[in-house]
Amino acid sequence: MKAADPKEIFQQEAQDLLVQLEQALLDLEHAPADGALIDTAFRALHTIKGSGSMFGFEAVAAFTHHVETAFDKVRQGAIAPNRELIMITLHARDHMRQLIENPEAADSSAGQAILAELQRIMEAGAAPVAATPAGPASYRVRIAFPRDVMATGTNPLLLLDELRGLGRATVAALTDDVPTLDVIDPTACHVGWEVMLSTAQPPTAIEDVFLFVRDEMTLEIEPIRDTTPETPLGEILSQRGDVTSQAVEAALHEQKRVGELLVEAGAVSPDKVNAALAEQQHLRRDGAPKPSANSSVRVPAERLGELMDQVGELVIAQSRLRQIATVSADQQVKSVAEEIERLVLELRDTTMSIRMVPIGALFGRFRRVVHDLSRDLGKEVALTMEGEETELDKTVIEQLNDPLVHLIRNAIDHGLEDPAGRAAAGKPQLGHIKLAARHAGMEVLISIQDDGRGMNRERIRARAEERGLLAKGAAVSDGELLQMIFQPGFSTAAQVTSLSGRGVGMDVVKRTIEGLRGAIDLQSTPGHGSEVTLRLPLTLAIIDGLLVRVGNGRYVLPLGAVEECVELSAQEDARSRGRSFLNIRGDLVPYLRLRELFACQTPADPYQKVVIVSSGDLKVGLVVDQVIGDHQTVIKSLSKLHADVEMLSGATILGDGAVALILDIPHLVEFGQVREENQRAAG
């Protein structure tokens, strides 16, 4: 197997770091005093610079060094992270990406211009500013209450709990002064405490915890500055003043542990060693990256594709084995076939789960799109996201970027009014775009919603009639009218801008979504906004299907879309000729005779079945001759000759080597609903 190219590894890791940098910068624009965001941006720049130099990307390292220097000054409080600095750093981030992905095509003059602008901003903002906190600080807090603290009504443990509420705390008890049992006073407090506290709060907040006992107690608050997770125990004890450096040096000549030797020598008490060990452990938890139970391994996408193809072939072979075992009288063959089927199912589910990734990684890219568009168009726009944890097949996500960019562009450019228009409509100046994802059966629904002006139906109709897409005065449903915007070259924009208005893009959106076996729903309320919903399959590889027979042909229905199966009696079939509706528990459900759609010439079975399928909130029944049973379906693409057949979404290979076509449920449901509307209109 070919070893991974180190440069490719750097490029992959750099992409993640660039995403982190962009998200931190966009968040920093709204929270410029957030030290954690400043640290995140600085660490991303520092890592890109160091790794770039290590892997031979010298241009990246040299350019990033200057940007890192600017953010180092931000960390020190010498420069304020204002909007201007954030904007030029975003441009620098884009140039860094170009240097990493395609260094030959990178424009060096553009990079020099960015650095010159960055230098100007640094010089202009060089005046001292209030330092922003660089994340939580660590303190060593020594606590000694007066002996009668409990008698006066104070519970020391509650104060320690309040101290824990300020941040992450490690508490060590000091028992040096606890007397023996024969002389101990049980009502007195003999224990002291030492607390290592990491908090973003100032030291005054620590003092406020002990406000009512401050005058009677001993409270020492000392910043932990020179101690790191790698600082040896002996050095920590020396810095704390618990032991002399000479005693530490003497102990180091022995073979035992430093703490143990110091205790044996009488140089320090066991409690103080334990407190120093607790401080060391506390700092290790602060400084070292926390191990993740869900640690990941980076695998090239093409290897996942190869694995999925091999699993698909294994599923087909297993289907053949099951068919052989069904007609075999050998119980051992049946037993082995069942065991292999179980293992193949588990392998299939595991492999598919590997390909599933949270859609949040895709959603995060659009924060920058909205940020830049709102600036270019002079509109204030807020983007909210929901369902970022929703998982979708990686191959689907990779093809969604361009369609979603087009839809978000249109929502901001066409959907949202300008500030004057929003004021005239009585709306707040800040417009809202909502990007949401959720599961619905075997589909993922992605919606883009705006609170703008809504779609102008009169203008859409006029434009459709002008281009000959719709006869003048022709009756058309609201859904069909709105779908006109997906026609090639269709645009209702009064002016062509650099962003939109040429009618290019929405037809590409529809082709891409339909190429993913998905569908698009549109809703729009005049004056209140629009919502575009993309319906997408969870995966493009393997699905659970229901195998049915129509005439001599076999077809697969995605099992996630199947609601139930009912029998169509001869009497019901004869009675419903002309008006194809079934009464399903009080609901009238239209149904389609697949024999008629597929022009079957063989006689129909006497006891036909109706499979009720759904797409969203719509249902339709599909009349078949026989329901054969469930079937693991490996999806194969159709040839170019059949690619335009809307009712088919693919094909699969059955256990006997025959081919079964996979029916496209959304198109069948849409076809059935249109037929139902036409029947009702006819009378």
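What follows is calculated from the coordinates using simple rules that are stated; it is not laboratory data. The structure presented is a predicted model; accordingly, all values stated were derived computationally and were not measured. Heads up, the Cβs are rebuilt from the backbone with ideal geometry, glycines too, and the neighbour counts pull from every protein chain shown.
Would you tally the net charge around M385, using a Cβ to Cβ cut-off of less than 9 Å, leaving M385 out, and scoring K and R as +1, D and E as -1?
Computed value for this residue: 0.
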Amide H neighbours of L470 at under 5 Å, excluding residues fewer than 5 places away on the same chain, with H built from the backbone geometry, are E465
Quick one: 3J(HN,Hα) in Hz for the range 455-472, Karplus 6.51/-1.76/1.60 with θ = phi - 60°, rounded, Gly and Pro as x. 7, 8, 5, 5, 5, 5, 5, 4, 5, 5, 5, 4, 8, x, 7, 8, 5, 4
Could you tell me how many degrees, from 0 to 90 and to the nearest 10, lie between the Cα long axis of helix 108-124 and the main elongation axis, the longest principal axis, of the Cα atoms of the chain? 40
Quote the Stokes-Einstein diffusion coefficient, in whole µm² s⁻¹, for the range 6-124, based on the Kirkwood radius over alpha carbon pairs, a temperature of 10 °C and a viscosity of 1.306 mPa s. 113
Which percent of Cα-Cα pairs in the range 542-682 sits in each 5 Å bin, short to long? 2, 9, 20, 23, 22, 14, 7, 3, 0, 0
Over the alpha carbons of the range 301-357, what is the largest minus smallest coordinate on each principal axis, giving the biggest first in Å? 43, 15, 11
How far, in degrees from 0 to 90, does helix 365-377 lean away from the longest principal axis of the Cα atoms of the chain, to the nearest 10? 80
Cβ-based net charge around L347, under 14 Å, with every Lys or Arg adding one and every Asp or Glu removing one: -3
Ranked highest first by average number of other Cβ atoms within 10 Å, how do 407-413, 175-181 line up? 407-413, 175-181
GluC sites (Glu not before Pro) within the range 157-231: DSSP coil, no more than 11 neighbouring Cβ in 10 Å: E230
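How many lysine pairs are close in the range 359-537, with Cα atoms under 23 Å apart and the two 8 or more places apart or on different chains?
Pairs that pass both the separation and distance tests number 5.
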Summed side-chain charge close to H65 - residues other than H65 whose Cβ falls under 14 Å, Lys, Arg +1, Asp, Glu -1: -1
Taking amide H atoms as placed 1.01 Å from N in the peptide plane, list the residues 5 or more away in sequence, or in a different chain, whose amide H sits under 5 Å from that of Q608. L568
Find the relative contact order for the range 6-124 and round it to a whole percent, using C-alpha pairs within less than 8 Å whose residues are 6+ positions apart. 27
Sequence-separation-based contact order of the chain, relative, with Cα cut under 8 Å and 6+ spacing, percent: 8
How much of the calculated P(r) for the chain lies past 33 Å, in percent of all Cα pairs? 66
